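Novice: I have a structure I would like to understand better, so I am pasting it below and will then ask my questions one at a time.
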Amino acid sequence: MTRPRPDLERLLADLDQLATFSEPDTPGCTRRFPSAAYRAGRDWLQQRFADAGLAPAIDAAGNLVGRRAGRLPLPPILIGSHSDTVYGGGRFDGALGVLAALEVVRALDDAGIALDHPVWVVDFLAEEANDFGVSCVGSRGLTAGLPAEWLAARAHGGDVAAALRAMGGDPGALAAPLLAPGALHAALEVHIEQGPVLEAGGMRLGAVSGIVAIRRATLTLRGRPDHAGTAPMALRHDALAAAAECVLAAEQAARDEPGSVATVGRLTVAPNQSNVVPGSVELFLEVRSLDADQIERIWQRVMAQTRAAAAQRGVSLGIGTQTEAAATRPPAWLLELVEDACRAVDPATQRLVSGAGHDMMHLAQVTAAAMIFVPCRDGRSHCPDEYATPEDCGRGARALLEAVLRLDAHGVA
Ligand SMILES: [Zn+2]
């Protein structure tokens, strides 16, 4: 038996080819759900899956799934990522994970290796947040089903259900999850880090120890709009001044809790006039960490400081709908397996946390799911400048292959 090895040239050629599918008159790579460019890129991918003998099909949640048979009647190992992008995105976010997964099965075939487990290579539908206000459409549909209000979300004169149908899915079949817990052996995704940690540490591969939890809420501060010239300082009810204290409280609270981040990314100021004391501010606060207690501590501290800053100014504070996405972590055995697989490819491997959401957090609802990160230049992504070196892309594919081989042996007598 020859040792299987991904063909770097073939992987890079595929990355180049997929990057040619982009919406006209947009920067970088733009393949948004359900644009013609996204569909065309997928048609090309489907053909590449077919060329690799993967008998590709689109499931009810719109995922493109290629299936490689196993020697034994065992649950499949799922590998993959997504081929949609943000507006003006890059060539690697998602695309690398799909094409590395495809390359892994081709490398197995080239080396004449049959695995005990079937392998599914998956391009998850619509991972990126889109104009419908939804994300991870395919991986959610696969593992949890899609609620009717999701399918009815509208943008550009259509709804998600129609867009899903245009991509080959079947929205009527998504009231229940497509996969039951235990239906898969495990799931793995290779992805660019989208952050600076690996690069800064001179690391080549990352074994992702978890995807952070996110708590978000809209806060509304209501004061009183007054003439900026005639309202004395002591008599003002300046909503923006109170909001500014909230922004700074969030910054300091997260700085004091290493491993967490807190952001106020959007402020809507009214009346937003140069000569009027700000009457009201709506702000969007989010806190992320792998540690739920840390999120709670930061949240309480920011709220207390904001409440005090508002009270001091006679400004009222309203808290809108609070949403919370729980953290997901791979089981210890899988994290160890993935870390060992990465280390076997390159000793410059470290564990790290993902601050961004990914399809694997939904897969984690039904199976053991883990991720492998490769560095990207300056930690940048979701922009045309997004870049990962050919060597790092190759290492990502090799680590994925190594992990698949180890997973195939795991738990089989
Ligand atoms: Zn991505």
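The values are calculated or read from the model by the stated rules, or taken from the named source; none is laboratory data. Everything numeric in this text was worked out from a predicted model, so none of it was measured. With ideal geometry, Cβ positions are generated from the backbone for all residues, glycine too; neighbour counts draw on all protein chains shown.
Novice: Considering each residue of the range 336-362, count those that are in a helix (DSSP H, G or I) and of a type in the set (Lys, Arg), and give that number.
Specialist: 1
Novice: Taking the criterion of being closer than 26 Å to Ala370 by Cβ, part of a strand (DSSP E or B) and within 15 Å of the ligand (Cβ to nearest atom), would at least one residue in the range 89-100 satisfy it?
Specialist: We begin by selecting, within the range 89-100, every residue closer than 26 Å to Ala370 by Cβ; these are 89-100.
When the remaining residues are screened for being part of a strand (DSSP E or B), the result is 89.
Next, only the ones that are within 15 Å of the ligand (Cβ to nearest atom) stay: 89.
Yes, the range 89-100 contains at least one residue that is closer than 26 Å to Ala370 by Cβ, part of a strand (DSSP E or B) and within 15 Å of the ligand (Cβ to nearest atom).
Novice: Which residues, counting only those in the range 117-135, are in a loop (DSSP other than H, G, I, E, B), within 16 Å of the ligand (Cβ to nearest atom) and crowded, with 24+ Cβ neighbours inside 10 Å? Step through it out loud before you land on a result.
Specialist: First, pick out the residues of the range 117-135 that are in a loop (DSSP other than H, G, I, E, B): 117-118, 125-135.
Adding the requirement that they be within 16 Å of the ligand (Cβ to nearest atom) leaves 125-130, 134-135.
Scanning the range 117-135 gives Leu125, Ala126, Glu127.
Novice: Going through the range 41-88 one residue at a time, which ones are within 16 Å of Val122 (Cβ to Cβ) and within 15 Å of the ligand (Cβ to nearest atom)?
Specialist: Across the range 41-88, the qualifying residues are Gly41, Asn63, Ile79, Gly80, Ser81, His82, Ser83, Asp84.
Novice: Check Thr349, Thr306 and return the single one that is surrounded by 20 or more Cβ atoms within 10 Å (Cβ to Cβ), over 20 Å from Arg215 (Cβ atoms), touching a residue at least 24 places away in the same chain (Cβ under 8 Å) and more than 16 Å from the ligand (Cβ to nearest atom). Can you show your working first?
Specialist: Details: Thr306 fails: over 20 Å from Arg215 (Cβ atoms).
Exactly one residue qualifies, and that residue is Thr349.
Novice: So which residues in the range 216-245 are part of a strand (DSSP E or B), charged (D, E, K, R) and modelled with pLDDT of 95 or more?
Specialist: Those that are part of a strand (DSSP E or B), charged (D, E, K, R) and modelled with pLDDT of 95 or more: Arg222, Arg224.
Novice: Further question: Looking at Gly138, Gly206, Gly195 in this structure, which one is crowded, with 19+ Cβ neighbours inside 10 Å, assigned to a helix (DSSP H, G or I), within 16 Å of the ligand (Cβ to nearest atom) and not polar (S, T, N, Q)?
Specialist: Testing whether each residue is crowded, with 19+ Cβ neighbours inside 10 Å, assigned to a helix (DSSP H, G or I), within 16 Å of the ligand (Cβ to nearest atom) and not polar (S, T, N, Q) leaves just Gly138.
Novice: Which of (1) more than 18 Å from Gly357 (Cβ to Cβ); (2) touching a strand residue (DSSP E or B) at 6+ places or on another chain (Cβ under 8 Å); (3) of a type outside the set (Phe, Trp, Tyr) does Asn272 not meet, given it meets every other one?
Specialist: The one condition Asn272 does not meet is (2).
Novice: I'm trying to understand the selection: among the residues of the range 77-90, which are of a type outside the set (Gly, Ala, Ser) and crowded, with 24+ Cβ neighbours inside 10 Å? Steps first, please.
Specialist: Going through the range 77-90, the residues of a type outside the set (Gly, Ala, Ser) turn out to be 77-79, 82, 84-87.
Across the range 77-90, the qualifying residues are Ile77, Leu78, Ile79, His82, Asp84, Thr85.
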